[in-house]
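Enquirer: Below you will find the structure I want to go over with you.
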Amino acid sequence: MTVGPRVGARIKALRKRRKLKQEDLAALIDRSVESISAIERGKTLPGYTTLDRLAKSLDVPVTEFFDPPGRPPVGANRAGLLARLMDAANALSDPLLRAAVDQIEALERNQR
């Protein structure tokens, strides 16, 4: 999967997680529904201004749309799961977040 489809998959997952329609997101960032659709399908890669507006509208940093350096690319399904995980984590208190991190690290150790 090249950059465009991965970015689009992440944007789509975040939009759906926030229960926004393409029309809603398009209105929030002053772009057309066709533009949002093309971005989500990986047909076009948005410019910085559009990425910035998307990030602000979806309440994530722009870096959330891209794969971290040195890590393998993330597919659409994983991007959606990671978006859900981040949303859930952001809603937790610090003690609950610590417990969640401990559980995830235990799962990681057991996977090895």
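Enquirer: Being of a type in the set (Gly, Ala, Ser) and closer than 29 Å to residue 105 by Cα is the requirement here; does residue 38 meet it?
Expert: Taking the combined requirement at face value, the residue does not satisfy it.
Enquirer: Turning to a different aspect of this structure: Of the residues that sit in segment 13-40 and are within 16 Å of residue 66 (Cα to Cα) and at pLDDT below 90, which one is surrounded by the fewest Cβ atoms within 10 Å (Cβ to Cβ)?
Expert: Of everything passing the filter in segment 13-40, 13 is surrounded by the fewest Cβ atoms within 10 Å (Cβ to Cβ).
Enquirer: I need the full set of residues from segment 54-112 which are in a helix (DSSP H, G or I), under 19 Å from the mean Cα position of the chain (by Cα) and among the charged types (D, E, K, R), in order please.
Expert: Matches in segment 54-112: 56, 64, 78, 84, 87.
The values are calculated or read from the model by the stated rules, or taken from the named source; none is laboratory data. Fair warning: this is a prediction, and the values are worked out from it, not measured in the lab. We place every Cβ from the backbone using ideal geometry, glycine too, and count neighbours over all the protein chains shown.
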